[in-house]
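The values are calculated or read from the model by the stated rules, or taken from the named source; none is laboratory data. Since the model is a prediction, treat every value here as computed from it, not as a measurement. So basically every Cβ, Gly included, is an ideal-geometry build from the backbone, and we count neighbours across all protein chains shown. Side chains included, ligands, DNA and RNA excluded: accessible areas come from the protein's heavy atoms. Shrake-Rupley method; radii C 1.70, N 1.55, O 1.52, S 1.80 Å.
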Amino acid sequence: QVHVVESGGGLVQPGGSARLSCSASDSIFSTYHMGWYRQYPGEHREMVASMRSNGRAYVKEVFRNRFSIARDNSTNTVYLQMNSLKPEDTAAYFCNFYSDTDVHGYWGQGTQVTVSS
């Protein structure tokens, strides 16, 4: 039984911040890598940031000045901190745990972030 759960979405004003959380089961958290993705309606999911199982973080360049990723092993949680949010950040955000031999891995259900006045 593997469970992946995202949370932290909601309505945020332009210029505001949000922190998204993604938690996974003990069975995969320590050995799988994690990626944050976002998806506009009708489009493919776009990778935003990743966190390897050894703690190495990567944020896509276009987000690097505003977004950051962090890992908390005590709670099996990976966070996406989003600052200076813009209306174009409005999207569904998903987390995925994957490994070199389990490429598809496990997906969460997504959490919606809406940036609007």
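Couplings 3J(HN,Hα) of the stretch 39-49, computed from phi: 9, 7, x, x, 10, 6, 6, 10, 5, 9, 7 Hz, in residue order, whole Hz [Karplus 6.51 cos²θ - 1.76 cosθ + 1.60, θ = phi - 60°; x for Gly and Pro].
Other residues whose C-beta falls under 13 angstrom from the C-beta of TYR79 contribute a net charge of 0, scoring Lys and Arg +1 and Asp and Glu -1. Restriction of the trypsin sites (Lys or Arg not before Pro) in the stretch 1-82 to DSSP coil positions whose beta-carbon has at most 14 other beta-carbons within 10 angstrom yields ARG52, ARG56, LYS60, ARG64. Projecting the Cα atoms of THR114, SER23, GLN39 onto the charge dipole of the chain, computed from C-beta unit charges around the Cα centre, puts THR114 farthest toward the positive end. Within the listed set GLY42, GLY16, GLY55, the Gaussian network model of the chain (springs between alpha-carbon atoms below 10 Å) gives the highest mean-square fluctuation for GLY42.
Farthest toward the positive end of the dipole of the stretch 1-99, out of SER74, THR90, ASN54, is the Cα of ASN54, where the dipole comes from beta carbon charges about the Cα centre. Over the stretch 1-88, accessible surface divided per residue gives 56 Å², non-protein components excluded, 1.4 Å probe.
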